[in-house]
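Reading through the structure tokens given below for one structure.
The values are calculated or read from the model by the stated rules, or taken from the named source; none is laboratory data. None of these values were measured; they are calculated from a predicted model. Glycine also receives a Cβ, built like all others from the backbone with ideal geometry; neighbour counts cover every protein chain displayed.
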Amino acid sequence: MLQRDSSKSVWHNGWVAGKRGVATLPRLLSRRRVNGPRGGGVTMQQVTVRVPASTSNLGPGYDCLGVALRLHNSVTVVRGKMPRSSLPRIVSDAADRFFNQARRRAFSFSYSIVEEVPRCRGLGSSATVRLGVLLGLNRLSGDPLDRLNLFKLCAELEGHPDNAAPASFGGFTVVQSSASVLLARDKREACPTVYRFYVAPRLYFVLLVPELEIQTARARRILPSKISRIAGVENCANACAVTAAFASRDYEKMRGSFSDNLHQPFRAKLIQFLPRVIAAAERAGALGAFLSGSGSAVAAVTLEAPEKIAAAMARAADLPAHTIITHADNRGAQVLPVRNQQSAIHH
């Protein structure tokens, strides 16, 4: 469990720093052993993990900024004789990576998902599945890995850390900018630094979720390899302003800071309604709006009138879509108590 009463936590190589000082990660996370003495030697057979959706990039914070949202997928993992070949690749790859890293004997399992998070919309759906499987297998194996290492495995599987971090730790997260480079080079001994901040419930997130699906790989292929120095400096300034507003909880100061030069102008070729939806949200009073991840969802942030902003975004899109009004999830992925797990199983 994270320090929910702390406004800031810094996660790096097994240490956590917060308002109450510094504690080692294993001590803070109190890893409950299900196969050890506390479990009475009984092997847990089933576990359900509730993982939040996330909106990433937040405009200028490409591959490093993200916020967990109160929209969840619940992943149930059950020990069983399910052939490994019958599992989808997103699940089998997570399982292979977990058993290799944890140095545990692999076992057969089945899984099921109760889905609230729309797929292929830039809301971290794939991260919820990967993290749910990783945390589920970890609990069934006696919790050999801590939360930081499970985040790292999820980020490696994703290829970028900006959804894995908020899904893991909750709140607003900043991942060290070099993290994506480290992951791309497969330097597995290096662990990215994650800064996590509490997000106040007075801040609303308004999501426009079109029927249009966007594959992340395709959305990345259209990005240029270089941008101008002026554009880069502007992005740095905006990303710093957004981060400072979240860290200080002075959210009004993020107004006008979501402009981006790294990915949104190019992805607008795939999502042609993006500029007009952003403009409509801001005219309706939003602090700002941006493409959520690689899209196609568009997210707006506001302190007031979320229904008005949602209606304005839907009108501007002028295509089949629905809107969601929600808040940040400050808890991150949670292993549900055993007594509540039956209700989360989807047959």
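Would you point out the residue of segment 98-128, among those that are surrounded by 20 or more Cβ atoms within 10 Å (Cβ to Cβ) and over 30 Å from ILE324 (Cβ atoms), that is modelled with the highest pLDDT?
Ranking the candidates gives PHE98 first.
Considering only segment 65-79, I want to know if a residue exists there that is over 11 Å from the mean Cα position of the chain (by Cα) and in a loop (DSSP other than H, G, I, E, B).
Checking segment 65-79: not a single residue is over 11 Å from the mean Cα position of the chain (by Cα) and in a loop (DSSP other than H, G, I, E, B).
If you take the residues in segment 39-76 that are hydrophobic (A, V, I, L, M, F, W, C) and modelled with pLDDT under 95, which one is surrounded by the most Cβ atoms within 10 Å (Cβ to Cβ)? Even if it seems obvious, please write down each step before you answer.
Taking segment 39-76 first, the residues hydrophobic (A, V, I, L, M, F, W, C) are 42, 44, 47, 49, 51, 53, 58, 64-65, 67-69, 71, 75.
Filter once more, so that each one left must be modelled with pLDDT under 95: 42, 44, 64.
On the way: VAL42: 8, MET44: 17, CYS64: 26.
Filtering first and then ranking leaves CYS64.
For the list (1) farther than 23 Å from THR302 by Cα; (2) surrounded by fewer than 17 Cβ atoms within 10 Å (Cβ to Cβ), I need the number of the one condition that ARG267 fails.
(2)
Which one of these is among the aromatic types (Phe, Trp, Tyr) and at pLDDT below 90: PHE258, PHE266? Walk me through it before giving the result.
Numbers: PHE258 fails: at pLDDT below 90.
Answer to the selection: PHE266.
Mind checking whether some residue in segment 121-136 is in contact with a Phe, Trp or Tyr (Cβ under 7 Å, 6 or more places away or on another chain) and within 25 Å of GLY66 (Cβ to Cβ)?
Step one: of segment 121-136, the residues in contact with a Phe, Trp or Tyr (Cβ under 7 Å, 6 or more places away or on another chain) are 133-134.
Next, from what is left, pick out any that are within 25 Å of GLY66 (Cβ to Cβ): 133-134.
Within segment 121-136 (the criterion being in contact with a Phe, Trp or Tyr (Cβ under 7 Å, 6 or more places away or on another chain) and within 25 Å of GLY66 (Cβ to Cβ)), the answer is yes, since at least one residue qualifies.
Just one of (1) modelled with pLDDT of 95 or more; (2) more than 27 Å from PRO306 (Cβ to Cβ); (3) surrounded by 21 or more Cβ atoms within 10 Å (Cβ to Cβ) trips up PHE205, so point out which.
So PHE205 meets the others, but not (2).
If a residue must be of a type in the set (Val, Ile, Thr) and either under 15 Å from ARG97 (Cα atoms) or in a strand (DSSP E or B) (or both), how many such residues does segment 108-163 contain? Walk me through it before giving the result.
Kept after step one, since they are of a type in the set (Val, Ile, Thr), are these residues of segment 108-163: 113-114, 117, 128-129, 133.
Filter once more, keeping what is either under 15 Å from ARG97 (Cα atoms) or in a strand (DSSP E or B) (or both): 113-114, 129, 133.
The total comes to 4.
Quickly run through segment 224-242 and pick out the residues that are assigned to a loop (DSSP other than H, G, I, E, B) and surrounded by 15 or more Cβ atoms within 10 Å (Cβ to Cβ). Let's see the steps before the verdict.
Taking segment 224-242 as the starting set, the residues that turn out to be assigned to a loop (DSSP other than H, G, I, E, B) are 224-228.
Scanning segment 224-242 gives a single hit, ILE227.
SER259 passes all but one of (1) under 20 Å from the mean Cα position of the chain (by Cα); (2) under 24 Å from ILE271 (Cα atoms); which number fails?
Failing condition for SER259: (1).
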